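Data first, discussion second: the structure below is written as structure tokens.
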Amino acid sequence: MGRIIIVGGYGAFGARAAERLAREPGLDVIIAGRSLASARAQAGMLSPTAEASVTAAALDATRVTAQELRALAPGVVINASGPFQAQDYHLARTCIAAGCHYVDLADARGFVTGITQLDAEARAANVSVVSGASSVPGLSSAAVRHMAGNLAQLDEVHIGISPGNSFDPGIATAASIISAAGKPIQARSGGRWTTLYAWHGLHRHVFPEIGARWMSDVDVPDLELLPQHYPELRTARFSAGLEVSVFHLGLWAAAGLVRAGLLRDLGALAPPMLAAKRRLSMLGTDAGGMFVRVVGRDQQGTSRASTWTLIARRGDGPYVPAMASVILAKRLVTGEGPPPGATPCFGLFPLADFEAEVADLDITCTLEREAQIAA
């Protein structure tokens, strides 16, 4: 029986990972976190219909010791206790010391790309340490690799995500998003590194089925990882969008105050902004979207473009960031996961695995290939 601990298994994304893993016969799922009451409540909700064994445990990701972790005897620990912008690698190091695999749902650029500093330790302990098993870079890189497979050269990648307004990120996540507004971002553009600014670069993107939404530049690990994996890449861009225009444009305007030096940080505005979003939740919908567009050249030098699009309805969008960790955890407990070492979650599973995992949800994935585009 494979034992998987989900730290933060009662949070927005950890609960979705727990729900999916609880459907797997032969697994032993432990929902853990600082609040034993919350962990027990989540386990109690899942247990009646679970195929797996589901229990609860108290575990503080910032303080747990290797001895405490060994006592729980996990094969894999999923860290869903974000946001990760201010976290260190304590839990990952503890997993290495305890001899178990580690997977997290981080999407903070520095946290995800810096995980390689644990590579030698992880190899010596014969465990896999994976950071970024989330929408980015885990899923986004799977989509890029799928579409770039028939290209001789990859020139441009543009990734975008816009959740439905009904999604409630919680105060900690909201604060991490808002605090980044107006801060500089280093990104590859036109063949050189350039400075962008978070929540600027305002533009519209038209999603199939759910329509046009405002989007702006946001920092993600992909902006650093894509040029590492595709040295010929000229442009890498990531955009995020808030469904309700007044929210998005308000954040865009506030980001300008930070960029101009009139405000140091918008983090203090997170509570009132989240409260306003909650009060006006009826303005939006439960539908969100994600797209990954690649442009490159085939073996004949012809310019080609492909776009993979995901549309999530009925509030199923929050499952998307959880699925990469579910896929990898199931692989690791069967000995089929990534080799020992510490690595960002870039291209660690095929896109088909994700699409199969969400087939029972109100999530549709489409791939459009353009026959030829202008040079």
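On a 0 to 90 degree scale, rounded to 10, what angle separates helix 320-333 from the longest Cα axis of the chain? For 320-333 against the chain, the angle is about 40 degrees. Put simply, the amide H of GLN85, placed in the peptide plane, has no neighbours under 5 Å, leaving out anything fewer than 5 places away on its chain. Each other residue within a Cβ distance under 15 Å of ALA12 adds +1 if Lys or Arg and -1 if Asp or Glu, for a net charge of -2. Projecting label points 7 angstrom from Cα along Cα→Cβ for LEU283 and SER47 puts them 4.3 nm apart. Between amide H atoms placed 1.01 Å from N, distances below 5 Å from LEU263 occur with VAL258, all of them 5 or more places distant or on a separate chain. From helices alone, the chain scores -9000 deg cm²/dmol at 222 nm; the rule is -39500 (n - 2.57) for each run of n ≥ 4 DSSP H residues, then divide by the residue total. Comparing GLY201, GLY296, GLY99 in a Gaussian network model of the chain, where Cα atoms under 10 Å apart are tied by springs, the biggest mean-square fluctuation is seen for GLY201.
Computed from phi, the 3J(HN,Hα) profile of segment 134-139 under the Karplus parametrisation 6.51, -1.76, 1.60 (θ = phi - 60°) reads 9, 4, 10, x, x, 6 Hz, with x in place of Gly and Pro. Across the chain, the mean sequence separation of Cα contacts (distance under 8 Å, 6 or more residues apart), normalised by length, yields a relative contact order of 20 percent. Our summary gives segment 107-252 a relative contact order of 29 percent, counting only alpha carbon pairs under 8 angstrom and 6 or more residues apart. Each residue of segment 84-100 was assigned a 3J(HN,Hα) from its phi angle through the Karplus curve 6.51 cos²θ - 1.76 cosθ + 1.60 (θ = phi - 60°); the sequence is 9, 4, 10, 8, 10, 9, 4, 5, 5, 5, 5, 4, 4, 5, 8, x, 10 Hz, with glycine and proline shown as x. Using the Karplus relation 6.51 cos²θ - 1.76 cosθ + 1.60 with θ = phi - 60°, the per-residue 3J(HN,Hα) values for segment 357-368 come to 5, 9, 4, 8, 9, 7, 10, 10, 10, 10, 10, 10 Hz, with x marking Gly and Pro.
Here, each number is a calculation from the coordinates, and none is a lab measurement. Quick caveat, the model's predicted, so the values are computed rather than measured. Methodologically, a virtual Cβ is constructed for each residue, glycine included, from the backbone with ideal geometry; neighbour enumeration extends over all protein chains shown.
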